[in-house]
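Remarks on the structure that follows.
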Amino acid sequence: MDLRRYREKRDFSATPEPAAEAPAVRRRDGWPGFVVHKHAARRLHYDFRLEIDGVLKSWAVPRGPSLDPQVKRLAIAVEDHPLAYADFEGVIPQGQYGAGAVLIWDRGVWIPLRDPLQSYRDGLIEFELQGERLRGRWVLVRIGRDGGRRNWLLIKRHDCEARPGSGDAVVAQYRTSVVSGRDLAALTAAAERTPP
């Protein structure tokens, strides 16, 4: 568990993001939590986060997840985030790292199919999601050699939750937060009306 990079990139007196020491909220049934943030930073992307070894291991997924098992989504490993980030939704101010609106697009629990930390180290994480929008079996697989350790692929497995041929349908269908019901524009407007 190493949150140094998370701390170094943020000024917690200026951003509403949780400090690295913020307490974590335990997930139901004892399974580790997962969250997918929709993040309107310089480029819109989805942040896919799995609770592993006391932190949220995180990947930026430029096009978001797909329910089509034939679609392989690039997932770029980014710094670990504190567990409290699973409950973060808000607007990161301009001038701060990752500036832009962040909404909770999906959340729930994930069930690793083998030891999660060893799977992460090996670059092959097979798991089941029990979320509000994403369900069923998935895999994250690291690609590239040597310097390519940041690049992974997020792939839906063939099961009853898969939607072959659906492409981008799941991200097109769901545009709002599973927590607040707001979309990115409404989240931004609400932050602008609220004094700092």
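The values are calculated or read from the model by the stated rules, or taken from the named source; none is laboratory data. As the structure is a prediction and not an experimental result, all values here were calculated from the model. Glycine gets a Cβ as well: all are built from the backbone with ideal geometry, and neighbour counts include every protein chain shown.
Which of (1) of a type outside the set (D, E, K, R); (2) more than 18 Å from D47 (Cα to Cα); (3) touching a strand residue (DSSP E or B) at 6+ places or on another chain (Cβ under 7 Å); (4) at pLDDT 95 or above does G144 not meet, given it meets every other one?
Tallying (1) of a type outside the set (D, E, K, R); (2) more than 18 Å from D47 (Cα to Cα); (3) touching a strand residue (DSSP E or B) at 6+ places or on another chain (Cβ under 7 Å); (4) at pLDDT 95 or above, G144 fails exactly one: (4).
So in region 53-76, with the set limited to residues that are in a loop (DSSP other than H, G, I, E, B) and modelled with pLDDT under 95, which one is nearest to L140 (Cα to Cα)?
The extreme case among them is D53.
Need the failing condition index for Q118 against (1) surrounded by 17 or more Cβ atoms within 10 Å (Cβ to Cβ); (2) assigned to a helix (DSSP H, G or I); (3) at pLDDT 95 or above; (4) not basic (K, R), just the number.
Going through the list (1) surrounded by 17 or more Cβ atoms within 10 Å (Cβ to Cβ); (2) assigned to a helix (DSSP H, G or I); (3) at pLDDT 95 or above; (4) not basic (K, R), Q118 breaks only (1).
Can you list residue pairs whose Cβ atoms sit under 6 Å apart, with the first residue in region 1-20 being surrounded by 14 or more Cβ atoms within 10 Å (Cβ to Cβ) and the second being modelled with pLDDT of 90 or more and among the small types (G, A, S)? Count only pairs 6 or more apart in sequence or on different chains.
Here the result reads P16/G90; P18/A84, each pair linking region 1-20 to a residue that is modelled with pLDDT of 90 or more and among the small types (G, A, S).
Considering region 86-126 alone, what residues qualify as being touching a Leu at 6+ places or on another chain (Cβ under 6 Å) and more than 23 Å from L140 (Cα to Cα)?
Of everything in region 86-126, those that are touching a Leu at 6+ places or on another chain (Cβ under 6 Å) and more than 23 Å from L140 (Cα to Cα) turn out to be E89, A101.
Just wondering, is there one or more residues in region 121-129 that are without any contact (Cβ under 8 Å) to a residue 40 or more places away in the chain, over 14 Å from F34 (Cα atoms), in a helix (DSSP H, G or I) and touching a Lys or Arg at 6+ places or on another chain (Cβ under 9 Å)?
The answer is yes, given that some residue of region 121-129 is without any contact (Cβ under 8 Å) to a residue 40 or more places away in the chain, over 14 Å from F34 (Cα atoms), in a helix (DSSP H, G or I) and touching a Lys or Arg at 6+ places or on another chain (Cβ under 9 Å).
Go through region 90-115 and give me each residue that's under 23 Å from D183 (Cβ atoms), outside any strand (DSSP E or B) and in contact with a strand residue (DSSP E or B) (Cβ under 6 Å, 6 or more places away or on another chain).
Of everything in region 90-115, those that are under 23 Å from D183 (Cβ atoms), outside any strand (DSSP E or B) and in contact with a strand residue (DSSP E or B) (Cβ under 6 Å, 6 or more places away or on another chain) turn out to be G98, A99.
If I filter region 9-49 down to residues being within 14 Å of V102 (Cβ to Cβ) and β-branched (V, I, T), which single residue comes out as modelled with the lowest pLDDT?
Applying the filter and picking the extreme gives T15.
If you scan region 56-111, which residues turn out to be over 24 Å from W31 (Cα atoms) and either among the hydroxyl-bearing types (S, T, Y) or within 10 Å of the chain's Cα centre (by Cα) (or both)?
Y97, the sole residue that qualifies.
Could you please find all residues in region 133-156 being out of contact with any Leu (no Cβ under 9 Å at 6 or more places or on another chain) and surrounded by fewer than 15 Cβ atoms within 10 Å (Cβ to Cβ)?
Residues satisfying the conditions are G144, R145, D146, G147, G148, R149, R150.
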